[in-house]
1. Quick one: Leu27 ticks every box in (1) open to solvent by 100 Å² or more (accessible area, probe 1.4 Å); (2) under 16 Å from Phe67 (Cα atoms); (3) not charged (D, E, K, R) bar one, so which box is it?
2. For Arg89, which of the numbered conditions (1) open to solvent by 100 Å² or more (accessible area, probe 1.4 Å); (2) over 23 Å from Ser49 (Cβ atoms); (3) at pLDDT 95 or above fails to hold?
3. Among the numbered criteria (1) within 30 Å of Cys26 (Cα to Cα); (2) loosely packed, with under 12 Cβ neighbours inside 10 Å; (3) among the acidic types (Asp, Glu), which one does Glu95 miss?
4. What is the one condition in (1) surrounded by 12 or more Cβ atoms within 10 Å (Cβ to Cβ); (2) free of Cβ contacts under 8 Å to residues at least 40 places away in the same chain that Asp75 does not satisfy?
5. Checking the conditions here, which among Arg81, Arg87, Arg110 is of a type in the set (Lys, Arg) and touching a residue at least 12 places away in the same chain (Cβ under 8 Å)?
6. So, Leu106, is that one open to solvent by less than 70 Å² (accessible area, probe 1.4 Å), assigned to a helix (DSSP H, G or I) and either in contact with a helix residue (DSSP H, G or I) (Cβ under 7 Å, 6 or more places away or on another chain) or not charged (D, E, K, R) (or both) or not?
7. Answer yes or no: is there a residue in segment 54-61 that is among the basic types (Lys, Arg), under 18 Å from the mean Cα position of the chain (by Cα) and surrounded by 12 or more Cβ atoms within 10 Å (Cβ to Cβ).
8. Of the residues that make up segment 28-45, is at least one in contact with a Leu (Cβ under 7 Å, 6 or more places away or on another chain) and closer than 30 Å to Asn11 by Cα?
Amino acid sequence: ENMTIYEVSKNYRIPLKYLNEYENWCLYQADKRVKGEWQYDEQDIKLLSMVMTLYDVGFKKDEVEAFMRLLPEKDSTKKQRLGMLNRQREKTLAEIHLKETQISRLDYLRYEIQPAKEE
């Protein structure tokens with residue numbers, strides 16, 4: 001059964017801004033509008049799950065769109081999609097390492113401030 005943008009947003013807790021982006025990307029050849037309103041089916045829900053996952057792992061809007069445009073071509077774009085995921089993984093690891101360094105520096109500063117313990 002097809003759903004409207006509002007039903008999908010409510011049922012799957014997907015912000016309308018992401019649904020509007022998805023509609024604007026026109027990933028389908030066929031127009032999925034009925035009486036001017038997009039009708040979401042099970043395939044859309046699967047694709048939207050991927051969209052939300054990509055946003056969750058740190059992709060930016062243009063990166064999500066690029067990835068989603070490559071998705072329908074499956075095997076011929078595997079290398080490109082894997083490259084995108086690997087680049088995001090490296091960025092995330094770099095952020096983690098930066099945070100670990102910050103925590104170490106904070107711990108050092110805390111250690112310096114703490115009074116010497118009496119023995």
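The values are calculated or read from the model by the stated rules, or taken from the named source; none is laboratory data. This one's a predicted model, so the numbers in the text were calculated from it and none came from an experiment. FYI the Cβ positions are ideal-geometry reconstructions off the backbone, even for glycines, and counts take in every protein chain you see. Only protein heavy atoms, including side chains, enter the accessible area calculation; ligands, DNA and RNA are left aside. Shrake-Rupley method; radii C 1.70, N 1.55, O 1.52, S 1.80 Å.
1. Looking at each condition in turn, Leu27 falls short on (1).
2. (2)
3. (1)
4. (1)
5. Checking each option against the conditions leaves just Arg81.
6. no
7. Taking every residue of segment 54-61 in turn, at least one turns out to be among the basic types (Lys, Arg), under 18 Å from the mean Cα position of the chain (by Cα) and surrounded by 12 or more Cβ atoms within 10 Å (Cβ to Cβ).
8. no
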